[in-house]
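Undergrad: A single structure is presented below for examination.
The values are calculated or read from the model by the stated rules, or taken from the named source; none is laboratory data. All of these numbers come straight from a predicted model, not from anything done at the bench. Using ideal geometry, Cβ is built from the backbone for each residue, glycine included, and neighbour counts are taken over all protein chains shown. Protein only, heavy atoms only, side chains kept; ligands, DNA and RNA dropped before computing areas. Shrake-Rupley method; radii C 1.70, N 1.55, O 1.52, S 1.80 Å.
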Amino acid sequence: MADLLEFKNLTKVINPHHSLRVSGRVQEGKILMVRGPSGSGKSTFLRLLARLIPPDGGKVFFQGQDWMQIPAPKWRIMVHYVPQKPVIFAGTGADNLHIPFALKTVREKKSLDYNKLEHYCEALSISSETIAREAQTLSGGEGSRLAVIRALLLEPRILMLDEPTAHLDSRTKKKVLQVLVEWLETEPGRGAILVSHSEEDIEDIPAFTVLEILSGDEG
Amino acid sequence: MDYSYIPISNSQLAFSVGLVLLAGMVSAFLKLGLLPSLFWGTCRAFLQLTLIGYVLAYLFIINHFLLLLPIILLMCYIAAREAGKRITKSPHNPTFISFIALSSSTFLVGTIVVVLIISPSPWYTAQVLIPIFGMILGNSMNGIALSLDRMYSEVYGKADQIEALLTFGATPWEAVRDLVKNAVAAGMTPTINSLMVVGLVSLPGMMTGQILAGMDPQMAVRYQFVVMIMIAAAVALGCFMIVAFSFKKLFTGDMALKETVRKN
């Protein structure tokens, strides 16, 4: 399988006693499972790849191209990050789904695909009433699923999800993972990075590799 | 009708100081401990105003642009330093950026008003230039301080939202655009409010001064209108400029929020 993303010695000093240094790759059609104890730097790793924080060293390549040759806004759509506590903006659920498509970088390339929206909502049990509600009144689980739908509609090349199933019951967890796997398989050239503590998650994912981030000083 | 001003004699001026005693009595009665400040404030106001009276009289006589220019720049610097002190949430010293915003907006709007509207001869007549630029600076100083402080408050409080927008592919400007709008509006609100109530709730200081100095009230009103519109334009421009200059400093060269901003 072809490599989509490759990171070599990607380094970040988290605190004077702990540095993150990781190497690995994300392959087409596969999920890279990121595992490790709390505070080991899993979220930092995703934030590094999203170029939200600068690394202290290392190199990243997307299909052989140095990541710094790609403008940051374009990169963040291609390698899209959904944080553990997704940000829900004021307005309705629908407003939240439209926000990315109002941005110039996104607007120039794509518009919201309503067929896909309907499909993802159905697959993740988000009703039209939920979408029409004030987003601030959504439960943690509904908010998480809304954020996953928003991310999928952006059609990134690599989707990075930080514990997307943390607030969900086991049935809904399975649905989210099924949607993710289906999204990976629908079109070539897609990959995903998933931070998860759950053993259950691994059972639902057919093709994955594991990146183990250790606690303590790895530098 | 013949308009003329009524002079204030030295004894009348001394008598006005008696009014401070009234404020002093309130302070003493309520044990506010403000007597030293009140005394010092009165002395300073008297000395500063007397001094500026002599300076202005000298400038009006000399009336040379090369003398006026450094004085106006000094006024801009003092206003920028004062605005900088009021901007409490800035991660860096905002004096320089305040100076650029204040001097640009003041020179642009002030020059339009002096050259195109009031049109004295010569155009740099100190009697017109100094008060006009001074009034613009005094009001813009408050506006830009309010705007920048509001921008930092909003950015610190909504760092997660800004980062979320960045992950959607927003440019730094797109990520903070709404917050910047709120900040500019916050800086302009006092000016807009004063436009709404002028003549109804209060008579502005400049107009009152001109009327007391013997000017026809109709003419004083015209001057006041021009001054208020000029202040509104300068405040809007100054507020916009300071947030436009400052928002970029919130981001790294790679269009991410600086860690110092996120952790604030």
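Undergrad: Restricting to segment B:120-139, and then to whatever is among the polar types (S, T, N, Q) and touching a helix residue (DSSP H, G or I) at 6+ places or on another chain (Cβ under 9 Å), can you tell me which residue is nearest to the other protein chains (Cβ to nearest Cβ)? Lay out the reasoning, then the answer.
TA: As a first pass, look at segment B:120-139 and keep what is among the polar types (S, T, N, Q): B:121, B:125, B:127, B:139.
If we keep only those that are touching a helix residue (DSSP H, G or I) at 6+ places or on another chain (Cβ under 9 Å) as well, we get B:125, B:127, B:139.
Working: B:THR125: 48, B:GLN127: 50, B:ASN139: 32 Å.
The qualifying residue nearest to the other protein chains (Cβ to nearest Cβ) is B:ASN139.
Undergrad: Could you tell me whether segment B:215-235 includes any residue that is surrounded by fewer than 20 Cβ atoms within 10 Å (Cβ to Cβ) and outside any helix (DSSP H, G or I)?
TA: Within segment B:215-235, one or more residues are surrounded by fewer than 20 Cβ atoms within 10 Å (Cβ to Cβ) and outside any helix (DSSP H, G or I).
Undergrad: When you scan segment B:166-177, do you find a residue that is under 30 Å from A:GLN69 (Cα atoms), open to solvent by 60 Å² or more (accessible area, probe 1.4 Å) and either over 21 Å from the mean Cα position of the chain (by Cα) or of a type in the set (Ser, Thr, Tyr) (or both), even just one? Quick ask: steps written out before the conclusion?
TA: Step one: filter segment B:166-177 for residues under 30 Å from A:GLN69 (Cα atoms), giving B:166-177.
In the following step, the residues that additionally are open to solvent by 60 Å² or more (accessible area, probe 1.4 Å) were identified as B:173, B:177.
Of the ones still in play, those that are also either over 21 Å from the mean Cα position of the chain (by Cα) or of a type in the set (Ser, Thr, Tyr) (or both) are B:173, B:177.
Within segment B:166-177 (the criterion being under 30 Å from A:GLN69 (Cα atoms), open to solvent by 60 Å² or more (accessible area, probe 1.4 Å) and either over 21 Å from the mean Cα position of the chain (by Cα) or of a type in the set (Ser, Thr, Tyr) (or both)), the answer is yes, since at least one residue qualifies.
Undergrad: What pairs can you find where one residue is in segment B:140-163 and within 14 Å of another protein chain (Cβ to nearest Cβ), the other is assigned to a helix (DSSP H, G or I) and surrounded by 24 or more Cβ atoms within 10 Å (Cβ to Cβ), and their Cβ atoms are less than 7 Å apart, with a gap of 6+ or different chains?
TA: Filtered contacts from segment B:140-163: B:GLU154/B:ALA183; B:ILE162/B:VAL155; B:ILE162/B:ALA175; B:ILE162/B:VAL176.
Undergrad: Still on this model: Kindly check whether there is at least one residue in segment B:239-252 that is in a helix (DSSP H, G or I), free of Cβ contacts under 8 Å to residues at least 12 places away in the same chain and within 14 Å of chain A (Cβ to nearest Cβ). Walk me through it before giving the result.
TA: Within segment B:239-252, the first condition is being in a helix (DSSP H, G or I), and the residues that meet it are B:239-250.
After this cut, where a residue has to be free of Cβ contacts under 8 Å to residues at least 12 places away in the same chain as well, the list is none.
Within segment B:239-252, not a single residue is in a helix (DSSP H, G or I), free of Cβ contacts under 8 Å to residues at least 12 places away in the same chain and within 14 Å of chain A (Cβ to nearest Cβ).
Undergrad: Which numbered condition trips up A:ALA132, out of (1) under 25 Å from B:LYS158 (Cβ atoms); (2) without any contact (Cβ under 8 Å) to a residue 12 or more places away in the chain; (3) of a type in the set (A, V, I, L, M, F, W, C)?
TA: (2)
Undergrad: Ok, one more. Six or more apart or on different chains, Cβ under 7 Å: which pairs go from a residue in segment A:52-81 that's of a type in the set (Phe, Trp, Tyr) to one that's assigned to a strand (DSSP E or B) and surrounded by 14 or more Cβ atoms within 10 Å (Cβ to Cβ)? Could you list them?
TA: Listed pairs, sorted by first residue: A:PHE61/A:GLU6; A:PHE62/A:LEU4; A:PHE62/A:LEU5; A:TRP67/A:VAL60; A:TRP67/A:PHE61; A:TYR81/A:MET160.
Undergrad: Now for a different question. Considering (1) surrounded by fewer than 20 Cβ atoms within 10 Å (Cβ to Cβ); (2) free of Cβ contacts under 8 Å to residues at least 60 places away in the same chain, say which one A:ILE205 fails and leave the rest.
TA: Here A:ILE205 clears every test but (2).
Undergrad: Let me ask another. Check every one of the helices (runs of 4 or more DSSP H) wholly within segment A:18-135 and list those with 3 or more residues that are under 29 Å from B:THR252 (Cβ atoms).
TA: A:42-49, A:72-78, A:93-98, A:104-107
Undergrad: Anything in segment A:82-94 that is without any contact (Cβ under 8 Å) to a residue 60 or more places away in the chain, surrounded by 15 or more Cβ atoms within 10 Å (Cβ to Cβ) and more than 11 Å from chain B (Cβ to nearest Cβ)? List them, or say none.
TA: Of everything in segment A:82-94, those that are without any contact (Cβ under 8 Å) to a residue 60 or more places away in the chain, surrounded by 15 or more Cβ atoms within 10 Å (Cβ to Cβ) and more than 11 Å from chain B (Cβ to nearest Cβ) turn out to be A:THR92, A:GLY93, A:ALA94.
Undergrad: Name the pairs whose Cβ atoms lie under 9 Å apart, with the first residue in segment A:102-116 and within 15 Å of A:TRP75 (Cα to Cα), the second open to solvent by 90 Å² or more (accessible area, probe 1.4 Å), and 6 or more positions between them or separate chains?
TA: Within 9 Å, the pairs are A:THR105/A:LYS74; A:LYS109/A:LYS74.
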